[in-house]
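Participant: Please find one structure pasted underneath; my questions will follow.
The values are calculated or read from the model by the stated rules, or taken from the named source; none is laboratory data. Computed from a predicted model, the values in this text were never measured in an experiment. Heads up, the Cβs are rebuilt from the backbone with ideal geometry, glycines too, and the neighbour counts pull from every protein chain shown. With ligands, DNA and RNA removed, areas are computed over all heavy atoms of the protein, side chains included. Shrake-Rupley method; radii C 1.70, N 1.55, O 1.52, S 1.80 Å.
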Protein chains: 2
Amino acid sequence: MNFKEFQKKYTPQINSFLEEHLINEIVDPKLSKIMSYSVMAGGKRLRPLLFLATLHTLAKPITAEEIRIACGIELIHTYSLIHDDLPAMDNDDYRRGRLTSHKKWGEAEAILAGDALLPMGIQWIAQGGKMSELVEIITRAVGPNGMVGGQYLDIDSTNNDSVKDDAHFINKMEWLKTGCLIKASVEMAAIYGQATDNERQALADFSYYFGRSYQIYDDLVDVIETTEEAGKATHKDEAVGKNNTYTLLGLEASRDKLRKMIADGKDSLADFEEKTLTEFFNIYEKVL
Amino acid sequence: MNFKEFQKKYTPQINSFLEEHLINEIVDPKLSKIMSYSVMAGGKRLRPLLFLATLHTLAKPITAEEIRIACGIELIHTYSLIHDDLPAMDNDDYRRGRLTSHKKWGEAEAILAGDALLPMGIQWIAQGGKMSELVEIITRAVGPNGMVGGQYLDIDSTNNDSVKDDAHFINKMEWLKTGCLIKASVEMAAIYGQATDNERQALADFSYYFGRSYQIYDDLVDVIETTEEAGKATHKDEAVGKNNTYTLLGLEASRDKLRKMIADGKDSLADFEEKTLTEFFNIYEKVL
């Protein structure tokens, strides 16, 4: 199945599961509404699709249990967006063309919506997978040595000129902020899908390249879309003193780095017959 | 072993584990310091002690793995305190005589310290227990239908006079805010310690009474200590328009309710030979 077919088949299943279970499984209708507002705001469902496509690559069936795990990952991703947008953090008013959670519902409500989505996401992963190993992978990926550690480096280094040219620091920060959760989505599927040692290594390599590429892509989208829309080469990250791959390397070197990562990532999947995962890299083409 | 002996034996083990592993297992020393600041601020370690005392009641050995699970619960409890104190929530400057996390380190740092402690706590529970059931119990207890749901009801009802005399609402809110996590600490030990069905039911009853009592006790501590120190019968909850058992029932009826709950809680443990858990109720005596 190619990426577009896969996406077309499973995105609606992911969206239906999320919509239905955020209503059915949350007792307080107001809190449910606040949580659903952010989860159902759109989004590519990239992480759940990666989890499912990795299972598909390993020829494992996808049933309601696997959809539950996949959707658990999306809840966790959504929590991270809500908290990143908070006034004390990136202070964003809009996301995907809608008011951010704290602008729509209030700051306490947004903090709590995130605080509720994180354990509920982990709960879905535990319920769907019945394996404590999956919980160990996801909690490590979003904890102090993963996503939250990356976000901490980000706020700690914003407007700090001493890290502006520090490639090691910026690579580490971007990896933690974005790469870790993407890698965990693939790693959970490899464990859950009982991949062989060779398959696990190949998938680990793929997920490293895919996850690292994602942040470079995301930084580029920001610049390129702003450039086209506003007719100037500045973007928000730069304006507020953020450090990232784009501010480190500039446009063309960032693109080169992304191209190289895509090639390496595709290579790492060479031994799999099923090509769905390889085609995930197609989404990066619009910035190249 | 009586409660005092149990506490004296295990509190130092809990504190050593927390102190050591918050340094060893968190790569970023600054983030580790921010997290440790709140975790090591003192506190009774009530929830980890309850977990361990339940295992002891079931005659299960307590090794490093069980201490890890117990400490995971404390990390999660600490996360909830940090987020409850935030400016957008209860806006508290001091806790246990020290500056709260956001006053000491900044608001973004406090949000992230909490966001890091929650998954790390769940990770420790998964690592120590190797049972996805424990993860299901803890995530349910702190999610939208548990602790965070209670905190949401609290912020949603503050200064809302329509719930002031609504005993059902106040009981539910207080149960979710405090009772759920206490109950989960006992329930995890019952599952992990392979309690029989009868034992599980008795422990579930105990943890219900103990958990519900705790919030009544906590509200009373607040009033009584303020009364003695400041010479007046007001306290912060009342001043900021919070609704709780004390504001609902007043001093003597709250005490009566607490006494009744303690008696029922002790009854539920009647069939266990080991009396450590029964003696946990002694901590409530100072408000009676």
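Participant: Take every Cα pair under 8 Å in the range B:3-128 that's 6+ residues apart, average their separations, divide by the length, and report that relative contact order as a whole percent.
Facilitator: About 28 percent, as a whole number.
Participant: Considering only A:F272, A:L134, A:A239, whose Cα is most displaced toward the positive end of the charge dipole of chain A, charges sitting on Cβ of Lys, Arg (+1) and Asp, Glu (-1)?
Facilitator: A:F272
Participant: Under a 1.4 Å probe, what is the accessible area of the range B:3-282 per residue, stated in Å²? Present the calculation step by step, with values, prior to reporting the outcome.
Facilitator: Working: 10880 Å² over 280 residues.
Counting only protein heavy atoms, the per-residue value for the range B:3-282 is 39 Å².
Participant: Each label point is 7 Å from the Cα along the Cα-to-Cβ direction; what then is the distance between the points at B:A59 and A:E225, in nm?
Facilitator: 6.4 nm
Participant: Taking the Cα centre of the range B:162-288 as origin, work out the dipole magnitude from +1 charges on Lys and Arg Cβ and -1 charges on Asp and Glu Cβ, in debye rounded to 20. Provide the component values of the computation, followed by the final result.
Facilitator: Details: 16 positive and 24 negative charges, 68 e Å.
With Lys and Arg at +1 and Asp and Glu at -1, about 320 debye.
Participant: Continuing with the same structure: With every protein chain left in place and a probe of 1.4 Å, what is the accessible surface of A:E274, to the nearest 10 Å²?
Facilitator: 40 Å²
Participant: In peptide A:128-137, how many Cβ atoms from other protein chains are near each Cβ within 10 Å, on average?
Facilitator: 6
Participant: Order the following by accessible area, largest value first: B:Y208, A:Y192. Probe radius 1.4 Å; ligands, DNA and RNA are ignored.
Facilitator: B:Y208, A:Y192
Participant: Follow-up question, since we're still on this one. What relative contact order, as a whole-number percentage, does chain B give when Cα pairs under 8 Å and 6 or more residues apart are counted?
Facilitator: Numbers: 374 pairs, mean separation 55.2, N = 288.
Taking the mean separation of contacting Cα pairs over the length of chain B, I get 19 percent.
Participant: Here's a follow-up. So how do A:I262, A:I23 rank on accessible area, 1.4 Å probe, biggest first, that is with the largest at the start?
Facilitator: A:I23, A:I262
Participant: Over all directions, what mean area does the Cα convex hull of the range A:76-179 project, stated in square nanometres?
Facilitator: Values: hull surface 29.9 nm².
Mean projected area of the Cα convex hull: 7.5 nm².
Participant: Another question about this same structure. Where the centre of each part is set by its Cα atoms, how far does the range B:245-262 sit from the range A:146-178, in angstrom?
Facilitator: 51 Å
Participant: Using the 7 Å Cα-to-Cβ label point, sort the distances from A:K260 to its equivalents in the other copies shortest first and give them in nm to one decimal.
Facilitator: 7.3
Participant: Determine by what factor the alpha-carbon radius of gyration of the range B:3-282 differs from 2.2 N^0.38 Å, reporting the quotient.
Facilitator: Here the Cα radius of gyration is 0.99 times the empirical estimate.
Participant: Here's something else I'd like to know. Please give the average number of partner chain Cβ atoms lying within 10 Å of the Cβ of each residue in A:23-31, rounded to a whole number.
Facilitator: That works out to 4 on average.
Participant: What figure in square angstrom, to the nearest 10, would you give for the accessible area of B:T158 with a 1.4 Å probe?
Facilitator: 40 Å²
Participant: For A:E252 and B:E273, what does the FRET efficiency come to when R0 = 60 Å and r is the distance between their Cβ atoms, rounded to the nearest 0.05?
Facilitator: With R0 = 60 Å, the Cβ-Cβ based efficiency is 0.20.
Participant: Straight distance only, please: which aspartates and glutamates reach the Cα of A:K33 with their own Cα at less than 18 Å, same-chain residues fewer than 8 apart left out?
Facilitator: Within the straight-line cut-off, A:K33 pairs with A:E19, A:E20, A:E25, A:E74, A:E107, A:E109, A:D115, B:D154, B:D156.
Participant: Hey, what number do you get for chain B at 222 nm if only DSSP H runs of n ≥ 4 count, each worth -39500 (n - 2.57), divided across all residues, to the nearest 500?
Facilitator: On the way: 15 runs with 203 residues, N = 288.
Roughly -22500 deg cm²/dmol at 222 nm, from the helical runs in chain B.
Participant: Can you pick out the pairs among B:K8/B:K164; A:K44/A:K275; B:K30/B:K60; B:K236/B:K257; A:K104/A:K183 whose Cα atoms lie more than 30 Å from each other? It would help to have the intermediate numbers written out before the result.
Facilitator: Numbers: B:K8/B:K164 41 Å; A:K44/A:K275 19 Å; B:K30/B:K60 38 Å; B:K236/B:K257 22 Å; A:K104/A:K183 32 Å.
Those over the limit are B:K8/B:K164; B:K30/B:K60; A:K104/A:K183.
Participant: If you roll a 1.4 angstrom probe over the protein chains with everything in place, what fraction of the accessible area of chain A belongs to carbon and sulfur, to the nearest %?
Facilitator: 47 percent
Participant: Can you find, among A:A116, A:T11, A:G43, the residue sitting farthest towards the positive end of the charge dipole of chain A, where Lys and Arg contribute +1 and Asp and Glu -1 at Cβ?
Facilitator: A:T11
Participant: Checking a compactness column here: for the protein assembly as shown, what do you get for Rg(Cα) / (2.2 N^0.38 Å), N being the number of residues?
Facilitator: 1.00
Participant: Moving on to the next point. Return the aspartates and glutamates within reach of B:K9: Cα separation strictly under 13 angstrom, same-chain partners fewer than 8 residues apart disregarded; answer none if there are no such residues.
Facilitator: Of all the aspartates and glutamates, none pass the test against B:K9 - Cα under 13 Å, at least 8 places apart if same chain.
Participant: Next question, about the same structure. May I ask for the accessible area buried between chains B and A, both sides summed, probe 1.4 Å, to the nearest 100 Å²?
Facilitator: Summing both chains' loss of accessible area gives about 3800 Å².
Participant: Using a cut-off of under 12 Å, list every residue of the range B:46-78 whose amide N is near the label point 7 Å from the Cα of B:N2 along the Cα-to-beta-carbon line.
Facilitator: What the label zone holds, given the 12 Å backbone N cut-off, is no residue at all.
Participant: Just give the residues from the range A:93-113 buried by at least 20 square angstrom of accessible area in the all-chains context relative to the isolated chain, probe 1.4 Å, and say none if nothing qualifies.
Facilitator: In the range A:93-113, residues shielded by partner chains: A:E107, A:A108, A:E109, A:I111, A:L112.
Participant: I need the inter-copy label distances for A:G97: point set 7 Å along Cα to C-beta, values in nm with one decimal, smallest first.
Facilitator: Copy-to-copy label distances for A:G97: 5.7 nm.
Participant: Please state the relative contact order of the range A:142-288 as a whole percent: Cα pairs under 8 Å, 6+ residues apart?
Facilitator: 27 percent
Participant: Please calculate the 1.4 Å probe accessible area of B:C180, with all protein chains present, and give it to the nearest 10 Å².
Facilitator: In the full protein context, B:C180 sits at about 20 Å².
Participant: Moving on. Using the 7 Å Cα-to-Cβ label point, sort the distances from A:N159 to its equivalents in the other copies shortest first and give them in nm to one decimal.
Facilitator: Label-point distances to the other copies, shortest first: 3.0 nm.
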